[in-house]
Amino acid sequence: MKKILFAFLPMFFLSLISYGQLQKGNVMLGGAVNFYSNSSTYDSGFGNNSETKSFTFSPDVGFFVKDNWVFGLNTTLFWSNQEIDFNSDVASESSTADISTRETGVEPYVRKYFPLGNQFSFFGQLGAGINASKITAEYRGGPANPVEEDVSNSFQVTTEMGLVYFPKTWLGIELAFVPFTYRSNVRDVTRPQSESNFNSNYFDFGVNTSAIFLGVNFFLPKK
C-alpha cells in the first residue's frame, strides 16, 4: 500500500504545480497597450501630408469564482488623431482636415478551462458587451469650415475557444479562435447639409485565419 501511495505522490504534486493557477480565488490578468505614430507624404499631384497618432489600452481582468471557472471583464479605450494637409489648388476649399476618433468598449465574459495533461488546457469563453465610438472630422481653410460627426453604438456577443500552455504556474500562452460573433450596430452620421441613420446586424460563424489569435495571460495565486 505504501509503495502505491508513494508512486502516486509525484503525479499529485505535478497536478498541483500545473493547475494551481486554475483554482478558486486566483486572478487572471491580460490585455494590451499600444501607441502608434506615422507621418507620410503623398506625391500624387495633391501633395498631401498626413500625420497620425493613436493610443490603445485594453486591460483584461478575470477572477476564478470556482476551480477552472473565470468571470472576467475586458475593456477597450482607443484614441486616434489624424491631420491631413492639402497643398493643391484643387483642394483649396478644405486645405486642412483634423480627424479624431474616440472609442470605448466593455465586455463581461465567462470562461471555462478543461485541463488535460500536465501543462495544457482547453478553454471555452462566452462574452457580451457594448461599444461606443465617435469620429469627428473638421475641415479648415475653406469658406464653410464644415464639421462632420460619425457616432456608433453597438452590442455584441462573441464566443472564443482555444488551447493554453502553462510553461510556468503564473504564465499562460494561448492560441485561440473566435468561431461565432454577433453584432448589432446603430450609426448616426451628421454633415452640414444632411443627417443619416444606419442600423445593421452582423453574424460571423466559422473558422478563418483572421479570427485566430495568440495571447498571453498572467495568473496571480490567492493569498
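The values are calculated or read from the model by the stated rules, or taken from the named source; none is laboratory data. Quantities reported herein were computed from a predicted structural model and do not represent experimental measurements. Neighbour counts run over all protein chains shown; Cβ positions are idealised from the backbone, glycine included. These accessible areas exclude ligands, DNA and RNA; they are computed on the full protein's heavy atoms, side chains included. Shrake-Rupley method; radii C 1.70, N 1.55, O 1.52, S 1.80 Å.
With the requirement that a residue be open to solvent by less than 70 Å² (accessible area, probe 1.4 Å) and either closer than 16 Å to ASP188 by Cβ or of a type in the set (Val, Ile, Thr) (or both), what does segment 148-162 give you?
GLU148, GLU149, ASP150, VAL151, SER152, SER154, VAL157, THR158, THR159
Scan segment 22-50 residue by residue and report those that are modelled with pLDDT of 85 or more and either open to solvent by less than 50 Å² (accessible area, probe 1.4 Å) or among the small types (Gly, Ala, Ser) (or both).
Answer for segment 22-50, where residues must be modelled with pLDDT of 85 or more and either open to solvent by less than 50 Å² (accessible area, probe 1.4 Å) or among the small types (Gly, Ala, Ser) (or both): LEU22, GLY25, ASN26, VAL27, MET28, GLY30, GLY31, ALA32, SER37.
List the number of the failed condition for THR101; all other conditions in (1) part of a strand (DSSP E or B); (2) open to solvent by 60 Å² or more (accessible area, probe 1.4 Å) hold.
(2)
Here is a yes/no grid of residues against (1) assigned to a strand (DSSP E or B); (2) under 19 Å from GLY129 (Cα atoms):
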site: TYR165; (1), (2): yes, no
site: ILE173; (1), (2): yes, no
site: TYR182; (1), (2): yes, yes
site: SER196; (1), (2): yes, no
site: TYR202; (1), (2): yes, yes
site: VAL207; (1), (2): no, no
site: LEU214; (1), (2): yes, no
site: PHE218; (1), (2): yes, no
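I'd like the full set of residues that are of a type in the set (A, V, I, L, M) and assigned to a loop (DSSP other than H, G, I, E, B), limited to segment 140-163.
Correct list: ALA144 only.
Test VAL186 against the criterion of being touching a strand residue (DSSP E or B) at 6+ places or on another chain (Cβ under 6 Å), in contact (Cβ under 8 Å) with a residue 24 or more places away in the chain and surrounded by 14 or more Cβ atoms within 10 Å (Cβ to Cβ), and give yes or no.
No, not satisfied.
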